[in-house]
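Colleague: Before we start, here is the structure in question, set down as structure tokens.
Each reported figure results from applying straightforward, stated rules to the coordinates on display, with no laboratory input. All of these numbers come straight from a predicted model, not from anything done at the bench. As a convention, Cβ positions derive from the backbone with ideal geometry for all residues, glycine included, and neighbour counts pool all protein chains shown.
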Amino acid sequence: MESINLVLKEYKLQVRIIENSDLTKIRNLKEGINLSGQTILDFRLIIRAGNGFSAQEDEIHFFKNIKPFILGRLQFFGELQKFELKWPKADVKTQKKYIRAALKKIDQHKNDNINFWRYVKNKQSQQDSLYFLRSTRQIGINCDMSHYIVDPEFSTSYDNLMAHFV
């Protein structure tokens, strides 16, 4: 976990600068995407090299807290970039409609995963070994499992979904 914590510390310093910049500028969002993507790759290399976890608690902590923290920002920067690029240049009414549609999509995603959302919001931990250990094959109804199938060494059943709620 020492290597992971060092990478995380450096990431937090760099991402804070990006988050405090003008996030309506595409170049700043790209910096956030690149930084977050590279950090995820760094973590993958550390874990594949066997320098990741000495106990199940470390693995749960990583896949419940650390990876979703980074992956959530990667998704945030990507979604915000898409939002900015598709921003309607038309009248205010069209822009408000665009915002309402985006908010509705976010709300629908939460509702589709309401039980897990409550689990996270209430800071529960009794199911952590099912959700955040790679050896567990707990597949949820609405979970996007593509990342898990492609890279099971670096994914759990719920780490990607957790990133949506961080």
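Colleague: Using only the Cα atoms of the stretch 64-121, build the gyration tensor, take square roots of its eigenvalues as a ≥ b ≥ c, and label the shape rounded, prolate or oblate: rounded if a/c is under 1.5, else prolate if a/b is larger than b/c, else oblate.
Modeller: Since a/c reaches 1.5 but b/c is at least a/b, the shape of the stretch 64-121 is classed as oblate.
Colleague: Using alpha-carbon pairs under 8 Å, 6+ residues apart, how would you state the relative contact order of the stretch 1-131 in percent?
Modeller: Numbers: 70 pairs, mean separation 33.5, N = 131.
Once normalised by length, the contact order is 26 percent.
Colleague: Cα centroids of the stretch 87-120 and the stretch 1-43: how far apart, whole angstrom?
Modeller: Centre-to-centre (Cα) distance: 25 Å.
Colleague: Check each of the trypsin sites (Lys or Arg not before Pro) in the stretch 1-97 and keep only those in coil by DSSP with at most 14 other C-beta atoms within 10 angstrom; list them in order.
Modeller: Numbers: sites: Lys9, Lys12, Arg16, Lys25, Arg27, Lys30, Arg44, Arg48, Lys64, Arg73, Lys82, Lys86, Lys89, Lys93, Lys96, Lys97; in loops: Lys25, Lys86, Lys89.
Taking the stretch 1-97 and a limit of 14 other Cβ atoms within 10 Å, the loop trypsin sites (Lys or Arg not before Pro) found are Lys25, Lys86, Lys89.
Colleague: Related question: For the pair Leu6/Leu85, report the inter-label distance in nm, with labels modelled 7 Å from Cα in the Cβ direction.
Modeller: Rounded to a tenth, the inter-label distance reads 3.5 nm.
Colleague: How much length is gained on full extension from Arg100 to Val166, taking 0.36 nm per residue of separation minus their Cα-Cα distance?
Modeller: Numbers: separation 66, 0.36 × 66 = 23.76 nm, distance 2.15 nm.
Separation in residues times 0.36 nm, less the Cα-Cα distance, equals 21.6 nm.
Colleague: Which of these, Asp107, Asp42, Asp58, has the largest mean-square fluctuation under a Gaussian network model of the chain (Cα springs below 10 Å)?
Modeller: Between Asp107, Asp42, Asp58, it is Asp107 that shows the largest mean-square fluctuation.
Colleague: Anything over 25 Å Cα to Cα? Flag those among Lys9/Lys105; Lys25/Lys89; Lys30/Lys86; Lys12/Lys89; Lys9/Lys104; Lys82/Lys123, in the order listed. The partial results should precede the final answer.
Modeller: On the way: Lys9/Lys105 32 Å; Lys25/Lys89 16 Å; Lys30/Lys86 16 Å; Lys12/Lys89 34 Å; Lys9/Lys104 34 Å; Lys82/Lys123 31 Å.
Violating the 25 Å limit, Cα to Cα: Lys9/Lys105; Lys12/Lys89; Lys9/Lys104; Lys82/Lys123.
Colleague: Please report Rg over Rh for the stretch 1-71, where both radii come from the alpha carbon positions and Rh follows the Kirkwood definition. Kindly include the intermediate steps, with their values, before the conclusion.
Modeller: On the way: Rg = 13.2 Å, Rh = 12.8 Å.
Ratio of gyration radius to Kirkwood radius for the stretch 1-71: 1.03.
Colleague: Once phi is turned into θ = phi - 60°, what whole-Hz ³J(HN,Hα) does the Karplus curve with 6.51, -1.76 and 1.60 give for every residue of the stretch 19-25, x standing for Gly and Pro?
Modeller: 5, 8, 8, 6, 7, 8, 8
Colleague: Right, another one. Quick one: Kirkwood hydrodynamic radius for the stretch 1-123, alpha-carbon pairs, angstrom, one decimal? Mind dumping the intermediate values first?
Modeller: Values: mean 1/r = 0.0604 Å⁻¹.
Kirkwood radius, the stretch 1-123: 16.6 Å.
Colleague: By the scheme Lys and Arg +1, Asp and Glu -1, what is the net charge of all other residues having a beta-carbon under 10 Å from that of Lys67?
Modeller: On the way: positive: Arg44, Lys64; negative: Asp159.
My count for the surroundings of Lys67 gives +1.
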